[in-house]
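To keep things clear, I will list the structure first and then write my remarks on it.
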Amino acid sequence: MEKRLVLVGDSKSFMVSSIAKELEDNGFDVIKASCSVDALSGIANRPSVFLVYIDDFGDMKDLFVYLKDSTLEGDISLSIIGSQNDIDSVKSLMPNTPLAASFLRPINVKDMAIAMEKVLQAEDERLQNKKILVVDDDGTMLRTIKSWLEGHYQVFMVNSGMAAITFLAKNKVDLILLDYEMPVTSGPQVLEMLRSDPSTSSIPVMFLTNKSDRTSVMAAVDLKPEKYLLKTMKPMEVLKSINEYFEKEKAKSY
């Protein structure tokens, strides 16, 4: 297991320095970053585990908006250290994003280091899961599907067809769940674009739709998606369909 994490906090803070030392003494590779979006976005080969020391949530709100977007996209595992008010503020800002860990100040740095070992282990296991990109212009639907699948898969989310194309130019996934009806660039148009590009042509796609009439179904089938999933399906039915797909693919490889 790679023990790398990003520690975000004021480098002049005695507590931040103490936390970094304890983690390093326990074999962690600690990448220290100041409390700014530029500092975080500029980290090369960035690990996915973040530990943020909060001095004042109000001064760090822009940072947490950035981290919120990153966690919704499935990019990072987030843990925080702060007062109860700070922790409550983060949870209020990020109601659909579970924190990997939260530590109430004042903290015992030895206990914190042990807890972060478990966070890294959980993240290492998560990163072994298949990667799924969900594409839907409805933010509520995106978060809903993410909640159904996380824990079983790595879930990334974008809210438009062109955002999906941009994401896939830099990232590889094992499956795309694609909204059939979207403004500007529809699901079928996105699929045609993916199929015309050699770098994305082989990525399996399942359509998500509210329509169940024969005409809509047949139109989607003609585009040869892996499956055609109704948004009205129960969470376990969606998960079962995806699990069955990956099980069949795994069987083919034997």
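Tabulated data for the structure shown
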{"read-out": "Average silhouette area of segment 4-127, convex hull of alpha-carbon atoms, in square nanometres", "value": "6.9 nm²"}
{"read-out": "Accessible area expressed per residue, the chain, with surrounding protein chains retained (probe 1.4 Å, Å²)", "value": "52 Å²"}
{"read-out": "Folded to 0 to 90 degrees: helix 139-149 orientation relative to the chain principal axis, Cα", "value": "80 degrees"}
{"read-out": "Helix 187-196 vs. the chain, principal-axis angle (Cα, 0 to 90°, nearest 10)", "value": "90 degrees"}
{"read-out": "Fraction of alpha-carbon pairs over 30 Å apart in the chain - percent", "value": "35 percent"}
{"read-out": "Rounded accessible area of TYR180 (nearest 10 Å², 1.4 Å probe)", "value": "40 Å²"}
{"read-out": "By average C-beta atoms within 10 angstrom, highest first, the peptides 230-237, 2-9", "value": "2-9, 230-237"}
{"read-out": "Pairs from LYS231/LYS252; LYS3/LYS250; LYS3/LYS68; LYS172/LYS234; LYS91/LYS252 whose Cα-Cα separation, in the structure shown, is over 32 Å", "value": "LYS91/LYS252"}
{"read-out": "Fully extended contour minus Cα-Cα distance, from GLU24 to LEU99, at 0.36 nm per residue", "value": "24.8 nm"}
{"read-out": "Acute angle (nearest 10 degrees) that the helix 84-93 long axis makes with the longest principal axis of the chain, alpha-carbon atoms", "value": "20 degrees"}
{"read-out": "Accessible area of the chain belonging to carbon and sulfur atoms, whole % at 1.4 Å probe", "value": "50 percent"}
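The values are calculated or read from the model by the stated rules, or taken from the named source; none is laboratory data. Owing to the predicted nature of the structure, the values given are computational and were not obtained by experimental measurement. Heads up, the Cβs are rebuilt from the backbone with ideal geometry, glycines too, and the neighbour counts pull from every protein chain shown. SASA here: full protein model, heavy atoms, side chains in, ligands and nucleic acids out. Shrake-Rupley method; radii C 1.70, N 1.55, O 1.52, S 1.80 Å.
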